[in-house]
Amino acid sequence: MSPHSDKVCYSAVMMGTRIELHLSEHRPELATEVFRRIKYMEDLLTVNRPQSQLMSVNQAAGKHPVRVSAPVFTLIARAHRASLEGGCFNLAIGPLVRCWKIGFSGDRVPQAEALAALLPLTDPRAIVLNAADCSVFLTRAGMSVDAGAIAKGYMADLICDYLASQSVTRAMINLGGNIRVMTPAGESGWKVGLQRPFGRSDQLLGVITTDNSSVVTSGVYERYFVAQGKHYHHILDPRSGYPLDNDLLSVTVISPLSIDGEILSTQLYGMGLERGCLWLTTRPDIDAIFVTRDRQVVVPAQRRFSLQRLPWPEGITPAQG
């Protein structure tokens with residue numbers, strides 16, 4: 001996804017990606033504070049450096065509970081609740097992520113036996129949370145939590161809350177493709193590009209217009225590798241240990257909160273097109289756009305957005321699993 005710019009854009013490279021803050025007026029001090037807050041949360045939640053609150057939880061797996069700060073506990077608790085609902089969103093998927101290394105140096109197809117041995121370590125029921133002291137206990141040695149599938153959404157919501165407290169009414173925060181927008185009543189919405197899978201960032205399938213919403217995409221083209229002609233993407237099925245294989249290339253979720261968009265884009269991708277469309281009939285507050293492997297763009301409803309569709313260029317064939 002890519003945002004269409006408003007009047008002022010501030011940017012920084014953080015979390016291994018480009019972060020953008022779009023405002024309707026120059027407020028450099030505000031932008032500096034936004035980036036400071038993002039950096040602070042990144043330092044708490046990263047699993048790519050040895051020192052963070054999340055890594056402290058993982059390093060104590062099977063040994064003892066670890067107390068974390070209130071914001072980190074809130075994030076873990078929300079992810080834990082979603083993980084217990086079933087599906088392919090799973091906070092405890094860390095051992096599988098480390099085994100595959102998709103998107104990182106050393107990615108490879110693991111042995112089936114190695115994956116089978118890791119599956120018991122991905123059971124979210126083995127995570128014990130204590131709200132009284134904000135502690136987290138991974139009860140099995142070798143377990144690890146990975147907030148990569150939810151942290152950006154959590155940050156985007158916190159940043160929008162902060163912007164509102166600073167009397168900002170129109171803004172867009174873009175955390176490397178995770179987008180949340182704020183729009184005053186009566187003003188036109190923001191435009192967000194719907195990226196073509198496996199295309200350049202400027203190659204779009206359409207332009208979404210929405211206000212006071214989050215736009216989050218999960219897709220097989222974001223992080224992947226190819227081995228012996230087969231495409232292995234980063235959306236792992238915690239029930240099998242392998243990347244999910246279904247009829248979809250991507251799912252984009254338009255929702256009030258970005259943390260919900262993070263969770264639901266993963267869950268809906270795991271459901272596949274038919275089940276995903278059926279599930280959406282139970283949630284009038286959530287919209288989604290499905291892009292299938294046969295190059296169809298399926299839009300079950302448009303309650304929180306409008307979509308200007310663009311043609312998929314002829315001769316471009318999506319990678320197959």
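Quick rundown of the values:
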item: Amide H within-cut-off set for Leu249, under 5 Å, with H built and near neighbours excluded; result: Val291, Thr292, Arg293
item: Candidates per GluC sites (Glu not before Pro) in the range 1-105, loop by DSSP, up to 15 other Cβ within 10 Å; result: Glu25, Glu85
item: Shape of the range 1-76, Cα gyration tensor, a/c cut at 1.5; result: prolate
item: 24 Å tail of the calculated P(r), the range 111-253, as % of Cα pairs; result: 51
item: Distance (nanometres) between label positions extended 7 Å along Cα→Cβ at Asp294 and Leu278; result: 1.9
item: Rotationally averaged projected area of the range 193-321 (alpha carbon convex hull; nm²); result: 8.0
item: The chain - mean residue ellipticity at 222 nm from DSSP helices (-39,500 (n - 2.57) per run, n ≥ 4, rounded to 500); result: -9000 deg cm²/dmol
item: Net charge over other residues, Cβ less than 15 angstrom from the Cβ of Gln228 (K, R count +1; D, E count -1); result: +1
item: Hits among lysines - C-alpha to C-alpha of Lys101 under 25 Å, sequence gap 8 or more where chains match; result: Lys39, Lys152, Lys230
item: Sequence-distant aspartates and glutamates (8 or more away, or on other chains) whose Cα lies within less than 13 Å of Lys191; result: Asp6, Asp211
item: Calculated P(r) of the chain - Cα pairs past 25 Å, %; result: 51
item: Rg(Cα) / (2.2 N^0.38 Å) computed for the range 1-141, rounded to two decimals; result: 1.27
item: Descending semi-axes in Å of the range 207-275, equivalent ellipsoid built from Cα gyration tensor; result: 25, 13, 10
item: Per-peptide average of other Cβ atoms within 10 Å, ordering 205-215, 297-307, 238-248, 142-152 highest first; result: 142-152, 205-215, 238-248, 297-307
item: Cα gyration tensor shape for the range 58-163, rounded if a/c is under 1.5, else prolate or oblate; result: oblate
item: Amide proton proximity set for Asp237, modelled H, under 5 Å, gap of 5+; result: Tyr242, Leu244
item: Total charge dipole magnitude, the range 101-172, about the Cα centre, Cβ charges on Lys, Arg, Asp, Glu only, Debye to nearest 20; result: 140
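Values in this text are rule-based calculations from the coordinates and carry no lab data. Please read all numbers here as calculations on a predicted model, not as lab measurements. Don't worry about glycine lacking a Cβ; one is built from the backbone with ideal geometry, like all the others, and counts go over all protein chains shown.
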